[in-house]
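S.K.: Okay, handing you the structure first.
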Amino acid sequence: MRIALYQPDIPQNTGTILRLAACFGFPVDIIEPCGFALSDARMRRAGMDYIDHVDWTRHNSWERFLEQRTSGRLVLLTTKADSSLQDFTFKADDILLFGQESAGVPEEVHNRADARVAIPMQSGLRSLNLAVSASIAAWEALRQTGFGHDVPPHTGGDLA
């Protein structure tokens, strides 16, 4: 399973997603151009030292990403979806693709996706935050395909 970010706009979301990927063991593909430099301090602050534990790859274009892609379905998380997250069956080699915060993905990218999945939410609202969407989709994909780690869940500190 991988996460791919198509031309992300907000460095804090990218940093948060890199942190998520580190914790869950997801490799990440960042498809440029981004709306910020990948050395941006805001991205590093959100990702903290977790960024150093992520296998992430920069692709200078959508075409380059497609050329370097090895396997797995492209599962686009979008409000213009064919199916709902709770009805979709994930596979262990899927690539969870997320679009720009400001514009989603262009028609060319939308059409290239093997599946289009929406996270259900209240009608009349546009969308969730990108990092929140990535977290929800990643967890559901892991729930279905198996986490794959022999690590007990982190429950936080003890309350005295």
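The values are calculated or read from the model by the stated rules, or taken from the named source; none is laboratory data. No experiment lies behind these values; they were computed from the predicted model shown. As a convention, Cβ positions derive from the backbone with ideal geometry for all residues, glycine included, and neighbour counts pool all protein chains shown. In case anyone asks, the SASA skips ligands and DNA or RNA and just uses the protein heavy atoms, side chains included. Shrake-Rupley method; radii C 1.70, N 1.55, O 1.52, S 1.80 Å.
S.K.: So which residues in segment 97-117 are assigned to a loop (DSSP other than H, G, I, E, B) and surrounded by fewer than 20 Cβ atoms within 10 Å (Cβ to Cβ), if there are any at all?
M.R.: Result: Glu101, Ser102, Ala103, Pro106, Ala113, Asp114.
S.K.: Take the residues in segment 5-16 that are buried (at least 20 other Cβ atoms within 10 Å of the Cβ) and modelled with pLDDT of 90 or more, then tell me which one is nearest to the chain's Cα centre (by Cα).
M.R.: This residue is Leu5.
S.K.: Next question, about the same structure. Which numbered condition in (1) outside any loop (DSSP other than H, G, I, E, B); (2) at pLDDT below 90 is the only one that Ser39 fails?
M.R.: Ser39 satisfies all of (1) outside any loop (DSSP other than H, G, I, E, B); (2) at pLDDT below 90 except (1).
S.K.: Does at least one position in segment 78-96 carry a residue that is aromatic (Phe, Trp, Tyr) and open to solvent by less than 90 Å² (accessible area, probe 1.4 Å)?
M.R.: yes
S.K.: Residue by residue through segment 64-77, note down the ones that are outside any loop (DSSP other than H, G, I, E, B) and surrounded by fewer than 21 Cβ atoms within 10 Å (Cβ to Cβ).
M.R.: Hits for segment 64-77 are Arg64, Leu66, Glu67, Gln68, Leu74.
S.K.: Kindly establish whether Arg19 is outside any strand (DSSP E or B), basic (Lys, Arg), open to solvent by 10 Å² or more (accessible area, probe 1.4 Å) and more than 16 Å from Glu140 (Cα to Cα).
M.R.: Criteria met by Arg19.
S.K.: Still on this structure, please answer the following. Name the single residue, out of those in segment 134-156 being of a type in the set (Val, Ile, Thr) and assigned to a helix (DSSP H, G or I), that is modelled with the lowest pLDDT.
M.R.: Per the stated criteria, the residue is Thr145.
S.K.: Tell me which residues, restricted to segment 52-63, are more than 18 Å from Ala141 (Cβ to Cβ) and either hydroxyl-bearing (Ser, Thr, Tyr) or open to solvent by 90 Å² or more (accessible area, probe 1.4 Å) (or both).
M.R.: Asp52, His53, Thr57, Arg58, Asn60, Ser61, Glu63
S.K.: Take the residues in segment 22-51 that are open to solvent by less than 20 Å² (accessible area, probe 1.4 Å) and under 21 Å from Gly72 (Cβ atoms), then tell me which one is farthest from the chain's Cα centre (by Cα).
M.R.: Going through the qualifying residues, I end up with Ile31.
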